[in-house]
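The values are calculated or read from the model by the stated rules, or taken from the named source; none is laboratory data. On a predicted model such as this, the values are computed, not experimentally measured, just so you know. So basically every Cβ, Gly included, is an ideal-geometry build from the backbone, and we count neighbours across all protein chains shown. In case anyone asks, the SASA skips ligands and DNA or RNA and just uses the protein heavy atoms, side chains included. Shrake-Rupley method; radii C 1.70, N 1.55, O 1.52, S 1.80 Å.
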Amino acid sequence: NKSLLFFLILSSLNFQYSYANDKQKIIKELSKINNFIFEFEQFTNLKKENGKCNVVFDNKILCVYKDDKQKEILINGKTLVVKQKRYNKIYFYPFSKSPLSKILNKEKLINLIKNSNVVYKEKFIDLLYVDEYNQKVKVSFDKNSYELLGWETTDKFQNTIIFALIIKSINEKYNLHDFELPKQY
């Protein structure tokens, strides 16, 4: 009985070390990134969308969707803007209340990684985090390269949004003007 108990305690410590080690490797890879460009597939309920995004840590993203509405999502650090060019419509939302505020800010993302629960899948690692407002965020990383693969969040309308991405370039030059708020129509 004592040897079984010792084995269980040792195994538990081994798993905890593995979780911490993988989290540290993810954080190490993430710390090398200042900005990145990626292609994505977004699933909101049963609707699938795709396009291309440019992320600049901290708190900036520009996503251009390949759709008939000519949709763009822009976050400039303070404001989240949804633009539908085809219909000349622009919607403004506070960024601080978006679950993306935990992903697009490197410091907050590292904190999320440190304080999340780890779930291992065949080819990736899911980090599950629930904040003080019961907002759930799942961030996925490649199991071997520790590269960001996507995230899953819930928006203010209680829609589950799954965002799968493929990083195309890291730390390329970018135009800061791309992240300026549009003038209202």
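Within the set (i) 17.3, 67; (ii) 18.6, 74; (iii) 14.5, 41, the number that Rg and Dmax of the Cα atoms in Å takes when calculated for this structure is listed as (ii).
Share of carbon and sulfur in the accessible area of the chain stands at 52%, probe radius 1.4 Å. Considering only alpha-carbon pairs that sit under 8 angstrom and 6 or more positions apart, the relative contact order computed for segment 112-185 is 16 percent.
Accessible area of Thr154 (1.4 Å probe, protein heavy atoms only, ligands and nucleic acids ignored): about 40 Å².
Only Lys, Arg, Asp and Glu carry charge here, each on its Cβ (+1 for the first two, -1 for the last two); on that basis the chain has a dipole of about 260 debye about its Cα centre. Here are some pairs, Lys25/Lys156; Lys32/Lys121; Lys25/Lys168; Lys97/Lys121; Lys106/Lys143; which of them have Cα atoms lying more than 28 Å apart in this structure? In this structure, Lys25/Lys156; Lys97/Lys121 lie more than 28 Å apart at Cα. Between the helical axis of 2-31 and the longest alpha-carbon principal axis of the chain there is an angle of about 30 degrees. With a Förster radius of 35 Å applied to the beta-carbon distance between Asn159 and Tyr120, the computed FRET efficiency rounds to 0.80. Between Asp58 and Lys97, the modelled labels are 2.3 nm apart [label points 7 Å from Cα along Cα→Cβ].
Taking amide H as placed 1.01 Å from N in the peptide plane, Phe124 has its amide H under 5 Å from the amide H of Lys143, each at least 5 places away in sequence or on another chain. Between Asn34 and Ile170, residue separation times 0.36 nm minus the direct Cα-Cα distance comes to 48.2 nm. Note on Tyr174: accessible area approximately 100 square angstrom, rounded to 10, probe 1.4 Å, nucleic acids and ligands left out.
For the chain, relative contact order (Cα pairs under 8 Å, six or more residues apart, normalised by length) works out to 21 percent.
For Lys168, the amide hydrogen comes within under 5 Å of the amide hydrogens of Ile37, Phe38, Glu39, counting only partners 5 or more places away or on other chains and with H modelled in the peptide plane. Surface exposure of segment 30-185, expressed per residue as accessible area with a 1.4 Å probe, stands at 59 Å². Computed from backbone phi with θ = phi - 60° and the Karplus coefficients 6.51, -1.76 and 1.60, the 3J(HN,Hα) list for segment 145-162 is 8, 6, 7, 4, 10, x, 8, 9, 9, 10, 7, 5, 9, 6, 7, 7, 10, 10 Hz; x is used for glycine and proline.
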